[in-house]
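The values are calculated or read from the model by the stated rules, or taken from the named source; none is laboratory data. This is a predicted model, so every value here is computed, not measured. Glycine also receives a Cβ, built like all others from the backbone with ideal geometry; neighbour counts cover every protein chain displayed. Just the protein is used for accessible areas: all its heavy atoms, side chains included, with ligands, DNA and RNA removed. Shrake-Rupley method; radii C 1.70, N 1.55, O 1.52, S 1.80 Å.
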Amino acid sequence: MENLLFILMGFVISLLMGMIIIPRVLIISFRKRLFDTPDARKIHTLPIPRLGGVTFFPAILFTMCLLIASRIILDYKPISDRDTFSEYLFFLSGLTLLYIIGIADDLIGVRYRKKFVIQILAALMFPLAGLYINDFYGLFGIHAITPFIGIPLTLLLVVFITNAINLIDGIDGLASGLCMVALAVYGIVFAINHQWIYALLSFVSIGVIIPFFRYNVFGNASRGRKIFMGDTGSLTLGYILSFFTIKYCMHTETTHGAPILIAFCVLMVPCLDVVRVVFRRLRNRKNPFLPDKTHIHHKFLAMGFTPRRALIYIQIMSATFCAFTIVAMHYLDNTLVLLIDVAVWIGLNLWFDKVIERKQDKEEQPHCP
């Protein structure tokens, strides 16, 4: 019971910190003119501050340190053992690297090659802490895998998830909304498994996102009450989710079920969208790292949805995939469930393309007087 109380306290503290800090970040952004300016690829038409994500890491770090230290002083049962605590410290080391490069990118811009180097260095923190993918749980007939395969795969997965969250951040509330749902799922799962420090981190992260989500989705840009998370925020959230993914998927003596499917379904929309976009760019002989307007949210906008409706429908789509996967994994083979998810995703995107094509053809038809 005391662990649940500390989780609730962590959520409230980070929520309050977000409510206090974000308005101050808005003031600083306007005074220093730190804006995300509109261009042909972007949806917004007014300059909007892009430093909302600088709130995430300090608020999370303060809240976690405060509560862990309070437990020690109050002589409660430790919230983690020695190995778990070292994992957490390595995680904070990697998160610090990404926080620094994120701020630099939001302020002055950083080339994607340099960002990749920092992301790989941050990803290395997980194997150093003893965390890596070591089991596929029967997916494609594969079970245990060696560290020689698992560690490079882990590095690739961390960089992939971190960038997936960064790239899905294209309309108000989409990246933060998907992240809150994924964090809630991980928080509940970790609490059920009595991994309290990870559950605490999950709900502390949700707490600090909520005030940002309010300003990002419901804020009025003309009144200076709207803000974007920027690369600082998306890299922070992506790294946290990659940390949870590796930790949850790593097989131990107490592991049961198919955690790799749970991890896949909560991040399915951003991850599969990145795979689709990269393959499309390579097929068209374009640089896969340069931005364009081919992401899933761009498709919804091209079909005629408003950004708010696109956000709602993409969230519903993600929740539906998640619910199906969690239920189906109890009745079907893991590989079959994954293939069904991917097949439905491909089918939906082909359908979206047809809708967009018909809409464009209709708009191009000459109007009779």
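Counting Lys +1, Arg +1, Asp -1, Glu -1, what net charge surrounds I118 among other residues with beta carbon under 13 Å of its beta carbon?
+2
Report the net charge of residues surrounding L174, where surrounding means a beta-carbon distance below 11 angstrom and charges are Lys +1, Arg +1, Asp -1, Glu -1.
Charge balance near L174 sits at -2.
Between the range 285-324 and the range 139-208, what is the separation of their alpha carbon centroids in Å?
20 Å
Working with all protein chains in place, sort D106, D353 by solvent-accessible area computed with a 1.4 Å probe, largest first.
Descending accessible area places them as D353, D106.
Counting only protein heavy atoms and using a 1.4 Å probe, what share of the accessible area of the chain belongs to carbon plus sulfur, as a whole percent?
Values: 12230 of 18260 Å².
The nonpolar share, carbon plus sulfur, comes to 67 percent.
Quick check for you: with a 1.4 Å probe and neighbouring chains kept, what is the accessible area per residue of the range 213-323, in Å²?
43 Å²
How much net charge surrounds M64 when only other residues with a Cβ under 15 Å from its Cβ are counted (Lys, Arg +1; Asp, Glu -1)?
0
How large is the helix-only mean residue ellipticity at 222 nm for the chain, computed as the sum of -39500 (n - 2.57) over DSSP H runs with n ≥ 4, divided by its residue count, in deg cm²/dmol to the nearest 500?
Estimated from H runs of four or more residues: -24000 deg cm²/dmol.
Order these peptides, 65-71, 173-179, 117-123, by their mean beta-carbon neighbour count within 10 angstrom, highest first. Before the final figure, lay out each step's value.
Numbers: 65-71: 14.4, 173-179: 24.9, 117-123: 19.9.
Going by the mean number of other Cβ atoms within 10 Å, highest first, we get 173-179, 117-123, 65-71.
May I ask you to evaluate 6.51 cos²θ - 1.76 cosθ + 1.60, the Karplus curve with θ = phi - 60°, for each residue of the range 154-171 and list the ³J(HN,Hα) values in order in whole Hz, giving x for glycine and proline?
5, 4, 4, 5, 5, 5, 5, 5, 4, 6, 4, 5, 5, 7, 7, 7, x, 10
Apply the Karplus parameterisation 6.51 cos²θ - 1.76 cosθ + 1.60, with θ equal to phi minus 60°, to every residue of the range 193-205 and state each ³J(HN,Hα) to the nearest whole Hz, in sequence, with x for glycine and proline.
Karplus-based 3J(HN,Hα) across the range 193-205 equals 7, 6, 9, 5, 5, 6, 4, 4, 4, 4, 6, 5, 5 Hz.
Rank P291, P307, P152 by mean-square fluctuation in a GNM of the chain with C-alpha springs under 10 angstrom and give only the top-ranked residue.
Among P291, P307, P152, the largest mean-square fluctuation in the Gaussian network model of the chain belongs to P291.
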